[in-house]
There are 2 protein chains.
Amino acid sequence: MTNINFKSVVIIGLGLIGSSLARAIREKEVSKTIYGIDINEENIKKCLNLKIISKGEKNLEDLKEQTDLIIICSPLSTYKEIFFQLEQYLNQDTLVTDVGSTKMSTIRDFEELKNNHHIKFVPCHPIAGLEKSGPEYGFAKLFENRFCIMTPKNNDQNSIDQIIKFWNSLGMEVQSMDAEHHDRVLAMTSHIPQLIAYSIVATASELESHLKEEVIKYSAAGFRDFTRLAGSDPIMWRDVYAKNKEAVLEMLGRFTEDLSTLQKAIRNNDASYLEKTFSSTREIRKVIEEIGQAGTFDPTESKKTK
Amino acid sequence: MTNINFKSVVIIGLGLIGSSLARAIREKEVSKTIYGIDINEENIKKCLNLKIISKGEKNLEDLKEQTDLIIICSPLSTYKEIFFQLEQYLNQDTLVTDVGSTKMSTIRDFEELKNNHHIKFVPCHPIAGLEKSGPEYGFAKLFENRFCIMTPKNNDQNSIDQIIKFWNSLGMEVQSMDAEHHDRVLAMTSHIPQLIAYSIVATASELESHLKEEVIKYSAAGFRDFTRLAGSDPIMWRDVYAKNKEAVLEMLGRFTEDLSTLQKAIRNNDASYLEKTFSSTREIRKVIEEIGQAGTFDPTESKKTK
């Protein structure tokens, strides 16, 4: 596979994902130059210090350079404003993609503008992340062997091909999907698990204080897995639930029904129902491990640097 | 710290925890001889092949040796039968402990018998585990820097001291707690997270088949964290919900209330409530990392041997 080769790319939003992209693009030599845009100057400074961008600006208009590819990596609530800025800014054909977790809203936001035909926007969602936020936590390997879902809408084949090559160059496998379908799948694989994690950690944080201290102390018993997710960026997730409301409420309904059934089984001492349910879920874990999407959990603290 | 030194110990139940104990006891030279009891001959064979036990029997009575310490590592539903066997078997003072996840039920089961005053039973719960089951997945370091909760009931100080030394020798910090309190804390840190993980994976496994395949494929988005827990031993967990019913139902009630509140906030587009909740949960994660109970999650598959 030959890598794609850009003269320059612009990353808008230098958080965990944006900075990881900068690292991966540099490592894989996908672009000679990488520019970064972030309203937070601290993030720009960090990325300059890390030498993963060659120039950083607070606003796109300050950049004063046209570019081959722009990747939007900021919270979903900023998209409208960013599309507006792109409208003003671009005066040559430019590939644009994003990493947002909801795609119907992304396409809606884009379609409200699109008077500037230089914008070649192919909506994407690389399925990769970590609960940490901020450029200091990014790393180039984040995208390797992970899927990137593309939800093209009225795109020319050339733009699509270029975007596929781009993600491939970072080690991702690109899958095309209808935006509505994407939002339902992700509601189940991502938005609901995340909401539940937030919810149970919130429940714990409202416990009587002595009980709460012990819940934290003995969290290695299972609770800690939820706290990892619940450590994620609050702004990013607030936006996800605003933008994917319908699919989230539908899947949440299914989940609470199933949880009520388990609750009733516990109340009624229905041990055989519990055992049957608990056995059926093992299969799914096995498949996820087999297809190499499980990640690696080390129950010790041995790799910690401190 | 000087290690405790037994002539022989017997481990009843050679699963993940039992076999990890055997490895740790051997590595830390806590006992000259380690015997294993398991109704599953396959487990005995595996442990003999791994050279972590020196003799294995299906039943305690076949062992024909008295011992210094017996550790019960089998599912909670087997405890009554095991206590009955111990009653028959022991003819000299013997320390007995266990690793069970519920302590009220353990003490109830024990108190139904206790005619044989040679049994010096100190109920314990080492807070350490992994979603895998079977002796092949065990490892000695599982207990290092983790807490062990002890819930003594009418024990002599000498037995308590010995048991504390035993867990200390494996690298654990022992904390004493009332059994009822233990069961409430663990309902929150362990039994509820586990039930929720089972529940959401069950919800996913009942989706229309094309949706289900995609949920598995794109599980790296968050869902995979739940599948890890949901890969745990079904028998062990079936027993936990039977034995800790009241505390589980209480904590489950609190959780579903909080989840309903979040659901309503999504329905009503209450972005500021969501952001506030999602920010509050970050603190708990931070504390868990600071006290060294977080484990280490690697989002890549890099350490996989296959």
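Annotation for segment A:21-72 versus segment A:180-234: alpha-carbon center distance of 33 Å.
What does the charge add up to near B:K80, with Lys and Arg as +1, Asp and Glu as -1, over the other residues with Cβ less than 13 Å from its Cβ?
On the way: positive: B:R108, B:K114, B:K243; negative: B:E81, B:E87, B:D98, B:D109, B:E111, B:E112, B:D239.
With Lys, Arg at +1 and Asp, Glu at -1, the neighbours total -4.
When you restrict to C-alpha pairs under 8 Å that are six or more residues apart and normalise by the size of chain B, the relative contact order lands at 16 percent.
Copy-to-copy label distances for A:T261, where each label lies 7 Å from Cα along Cα-to-Cβ, are 2.9 nm in order of increasing length.
Work out the mean other chain Cβ neighbour count within 10 Å for the residues of B:206-216 and drop it here as an integer. Don't skip to the end; give the middle numbers.
Numbers: counts 4, 5, 0, 0, 2, 5, 4, 2, 11, 10, 9.
Partner Cβ neighbours, averaged per residue: 5.
Pairs of Cα atoms nearer than 8 Å and 6+ residues apart set the relative contact order; for segment B:6-177 it is 24 percent. For segment A:181-262, GluC sites (Glu not before Pro) meeting the loop criterion (DSSP other than H, G, I, E, B) and having at most 15 other Cβ atoms within 10 Å: A:E206, A:E208. Position B:E42: other-copy label points at 5.4 nm, ordered by increasing distance, label point 7 Å along Cα→C-beta.
With a cut-off of 8 Å between alpha carbons and a minimum separation of six or more residues, what is the relative contact order of segment A:181-290 in percent? Don't jump to the answer; show the numbers that get you there.
On the way: 40 pairs, mean separation 36.3, N = 110.
Here the relative contact order equals 33 percent.
Remark: mean inter-chain Cβ contacts per residue of B:146-152 equal 2, using a 10 Å Cβ-Cβ cutoff to other protein chain atoms. Return the whole-Å distance between the Cα centroid of segment A:105-130 and the Cα centroid of segment B:1-20. Comparing the Cα centres of segment A:105-130 and segment B:1-20, I get a distance of 59 Å.
Karplus-based coupling profile of segment B:140-155, in residue order and whole Hz: 5, 6, 3, 9, 5, 6, 10, 8, 10, 8, 10, 10, x, 9, 6, 8, with θ = phi - 60° in 6.51 cos²θ - 1.76 cosθ + 1.60 and x standing for Gly or Pro. Measuring between alpha carbons in the structure, the pairs from A:K264/B:K243; A:K46/A:K120; A:K141/B:K132 lying more than 19 angstrom apart are A:K46/A:K120; A:K141/B:K132. At the listed q of 0.08, 0.10, 0.12 Å⁻¹, the Debye profile of the protein assembly as shown, built from one uniform point per Cα, gives log10 I(q)/I(0) equal to -0.61, -0.88, -1.15. Each Lys or Arg adds one and each Asp or Glu subtracts one; over the other residues with Cβ under 10 Å from the Cβ of A:G231, this totals +1. When chain A is treated as a GNM with alpha-carbon contacts under 10 Å, the residue of A:Y218, A:Y89, A:Y35 showing the greatest mean-square fluctuation is A:Y218. Per residue of B:253-265, other chain Cβ atoms within 10 Å of the residue Cβ number 5 on average. Here is how far apart the B:S176 label points are across copies: 6.9 nm, shortest first, using a point 7 Å from Cα toward Cβ.
In deg cm²/dmol and to the nearest 500, what is the mean residue ellipticity at 222 nm of the protein assembly as shown if only DSSP H runs of at least 4 residues count, each as -39500 (n - 2.57), divided by the residue total? It would help to have the intermediate numbers written out before the result.
Numbers: 24 runs with 289 residues, N = 612.
Helix contribution divided over all residues of the protein assembly as shown: -14500 deg cm²/dmol.
Computed from Cα atoms alone, the Kirkwood hydrodynamic radius reported for segment A:7-177 is 15.7 Å.
Any read-out appearing in this document is the output of simple, stated calculations on the displayed coordinates, not a laboratory observation. In this text the structure is predicted, and so the values were computed from the model without any measurement. We place every Cβ from the backbone using ideal geometry, glycine too, and count neighbours over all the protein chains shown.
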